[in-house]
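Visitor: After the structure tokens below, expect a handful of questions from me.
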Amino acid sequence: MLCCSTTSAALVHSFSSGMASLSAGDPHMEYVAASTWRAVADELVTPQFCDALRRDGFAMTELRKGAAVSLHASAASATELLNDPTAAAGGFKPHTFVFGGSAKPLRLRKPGVYEIDMHDGAARANGTLAPFKSLHESGALLHAFAEHMPELNLSSSAVDGSILKVQFNDGRGGCFPLHYDNPGPPSMRKLTCLCYMNPEWESGHGGELELLPFLAPAPIKVEPTMGRVVVFFSDRILHRVLPARQPRLCFTIWLDSASANPPEDVQLKAKCVDPGVDLLERVAMFQASPLQRVISRAVYDREQVASIRECMELADDAGPQSLAACRAMLAEHDARVVALRRTPALAAFLDDLALLRRGVQDGTGADSAATLIGAGEAAGVD
């Protein structure tokens with residue numbers, strides 16, 4: 001049973017009631033056949049889409065209307081049971097995450113965010129969620145990407161090699177701090193596939209996705225509109241979710257790769273920060289490699305701190321546990337940044353990156369930015 005405040009319950013009721021006109025009479029259960037989802041995936045995952053994904057690290061498209069309506073109706077129906085103590089299992093649960101490492105791990109709640117994991121047996125048995133169950137078990141996206149991007153060495157099993165989660169944000173400031181979906185071993189995630197289901201979203205509602213390709217001039221903001229699909233590399237695209245001020249629905253499918261996190265993607269070598277190598281050449285290497293995860297906390301130090309506070313301290317229902325967790329997360333972040341800067345060569349490289357970022361952002365380094373982008377493309381960012 002979920003314990004939500006009266007305000008949260010009112011928001012959920014308003015959200016699900018407001019969506020009734022959209023879902024009423026829609027044959028959303030049409031999307032329960034694997035063949036249907038394979039056809040949908042073939043529409044989404046085209047050679048052009050995959051080329052953009054290789055080039056930029058992310059790509060966007062739109063889900064066909066019927067599929068978006070089907071999935072939205074399914075998820076919106078599940079929100080109606082969020083505060084029902086008699087509801088059957090398999091519905092939304094508070095989003096939790098593990099913090100503190102292997103020595104003393106703590107499972108903490110993320111304020112304002114709820115999710116359904118389609119690996120959960122109760123969720124798969126929930127008839128309301130049949131379109132999501134079918135989409136997950138069909139492996140449609142997994143097989144489509146495996147066909148068009150064989151170099152990713154994606155898993156061959158939809159059940160074992162992918163995860164599908166449906167997410168509901170209650171609109172009271174819930175958000176996610178900056179992170180990589182694959183922060184390192186033992187994660188095997190390679191691609192993150194997001195789809196938004198918010199037919200009434202408008203500017204001011206919040207909940208946008210922000211993508212931060214390494215050393216890009218500015219974040220890329222993605223509006224969570226109905227049917228918007230975003231795919232990005234789980235181990236190469238730093239991202240966050242901005243605070244939501246209206247209820248928001250989405251689902252995410254993560255696709256695993258058997259070759260994720262090889263040593264060269266997680267172990268920083270001296271040659272990577274060697275001052276004898278041209279700065280733009282070193283930067284281009286990090287742009288094209290998951291190795292950027294090793295130094296991103298220091299590169300995006302200020303943004304990381306702000307996003308942690310926004311998530312754990314500033315949400316409307318952030319309680320004492322969230323505030324304590326916020327302090328612990330900030331302390332851990334600071335310790336990691338300090339540890340990175342203990343190596344003189346790495347500290348000097350981080351200082352160079354800070355100067356480069358400042359020049360790109362204020363326009364004084366426009367020539368360097370153009371050169372940087374060109375270097376990234378030459379190194380294989382495209």
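The values are calculated or read from the model by the stated rules, or taken from the named source; none is laboratory data. What you see is a predicted model, and the numbers here were worked out from it, not measured in a lab. Virtual Cβ from ideal backbone geometry, glycine too; neighbours counted across all protein chains shown. Only protein heavy atoms, including side chains, enter the accessible area calculation; ligands, DNA and RNA are left aside. Shrake-Rupley method; radii C 1.70, N 1.55, O 1.52, S 1.80 Å.
Visitor: Say we look at the stretch 134-165 and pick out the residues that are within 18 Å of the chain's Cα centre (by Cα) and in a strand (DSSP E or B); which of these is nearest to GLY206 (Cα to Cα)?
Guide: Applying the filter and picking the extreme gives LYS165.
Visitor: Scan ASP316, ASP334, ASP351 and give me the residue that is under 19 Å from ASP278 (Cβ atoms) and open to solvent by 60 Å² or more (accessible area, probe 1.4 Å). So that I can check it myself, show each step before the final result.
Guide: Values: ASP316 fails: under 19 Å from ASP278 (Cβ atoms); ASP334 fails: under 19 Å from ASP278 (Cβ atoms).
One residue alone meets the criteria, ASP351.
Visitor: Scanning for something of a type in the set (Val, Ile, Thr), in contact with a His (Cβ under 9 Å, 6 or more places away or on another chain) and open to solvent by 50 Å² or more (accessible area, probe 1.4 Å), does the stretch 162-169 turn up at least one residue? Even if it seems obvious, please write down each step before you answer.
Guide: Taking the stretch 162-169 first, the residues of a type in the set (Val, Ile, Thr) are 163, 166.
Retained after the next criterion (residues that are in contact with a His (Cβ under 9 Å, 6 or more places away or on another chain)): 163.
Filter once more, keeping what is open to solvent by 50 Å² or more (accessible area, probe 1.4 Å): none.
No, the stretch 162-169 contains no residue that is of a type in the set (Val, Ile, Thr), in contact with a His (Cβ under 9 Å, 6 or more places away or on another chain) and open to solvent by 50 Å² or more (accessible area, probe 1.4 Å).
Visitor: Restricting to the stretch 166-224, count the residues that are part of a strand (DSSP E or B) and aromatic (Phe, Trp, Tyr).
Guide: Just the residues of the stretch 166-224 that are part of a strand (DSSP E or B), to begin with: 166-169, 176-179, 189-196, 206, 209-213, 220-222.
In the following step, the residues that additionally are aromatic (Phe, Trp, Tyr) were identified as 168, 176, 196.
Looking only at that region, the number is 3.
Visitor: If you don't mind, another one. Taking the condition under 25 Å from GLY66 (Cα atoms), buried (at least 19 other Cβ atoms within 10 Å of the Cβ), touching a residue at least 60 places away in the same chain (Cβ under 8 Å) and among the aromatic types (Phe, Trp, Tyr), does PHE176 pass? Lay out the reasoning, then the answer.
Guide: Values: under 25 Å from GLY66 (Cα atoms): no; buried (at least 19 other Cβ atoms within 10 Å of the Cβ): yes; touching a residue at least 60 places away in the same chain (Cβ under 8 Å): yes; among the aromatic types (Phe, Trp, Tyr): yes.
No, not satisfied.
Visitor: Anything in the stretch 292-304 that is touching a helix residue (DSSP H, G or I) at 6+ places or on another chain (Cβ under 7 Å) and crowded, with 19+ Cβ neighbours inside 10 Å? List them, or say none.
Guide: Of all residues in the stretch 292-304, those touching a helix residue (DSSP H, G or I) at 6+ places or on another chain (Cβ under 7 Å) come to 292, 295, 297-299, 301, 304.
Of everything in the stretch 292-304, those that are touching a helix residue (DSSP H, G or I) at 6+ places or on another chain (Cβ under 7 Å) and crowded, with 19+ Cβ neighbours inside 10 Å turn out to be GLN292, ILE295, ARG297, ALA298, VAL299, GLN304.
Visitor: Follow-up. Would you mention how many residues in the stretch 265-276 are open to solvent by 80 Å² or more (accessible area, probe 1.4 Å) and modelled with pLDDT of 95 or more?
Guide: 1
Visitor: Could you go through the stretch 319-328 and let me know if any residue there is part of a loop (DSSP other than H, G, I, E, B) and either open to solvent by less than 30 Å² (accessible area, probe 1.4 Å) or closer than 30 Å to VAL283 by Cβ (or both). Quick ask: steps written out before the conclusion?
Guide: Our first condition is that a residue be part of a loop (DSSP other than H, G, I, E, B); within the stretch 319-328, this holds for 319.
Subset that is either open to solvent by less than 30 Å² (accessible area, probe 1.4 Å) or closer than 30 Å to VAL283 by Cβ (or both): 319.
Yes, the stretch 319-328 contains a residue that is part of a loop (DSSP other than H, G, I, E, B) and either open to solvent by less than 30 Å² (accessible area, probe 1.4 Å) or closer than 30 Å to VAL283 by Cβ (or both).
Visitor: Also, I was wondering about something else. Checking the structure you have, find out if any residue of the stretch 301-309 is among the aliphatic types (A, V, I, L, M) and free of Cβ contacts under 8 Å to residues at least 12 places away in the same chain.
Guide: Quick first cut of the stretch 301-309, residues among the aliphatic types (A, V, I, L, M) only: 305-306, 308.
From what's left, free of Cβ contacts under 8 Å to residues at least 12 places away in the same chain: 306.
Yes; the residues of the stretch 301-309 include at least one that is among the aliphatic types (A, V, I, L, M) and free of Cβ contacts under 8 Å to residues at least 12 places away in the same chain.
Yes or no, residue by residue, for (1) acidic (Asp, Glu); (2) closer than 16 Å to LEU53 by Cα; (3) open to solvent by 50 Å² or more (accessible area, probe 1.4 Å):
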| site | (1), (2), (3) |
| --- | --- |
| LEU215 | no, no, no |
| VAL222 | no, yes, no |
| VAL241 | no, no, no |
| SER259 | no, no, yes |
| ASP278 | yes, no, yes |
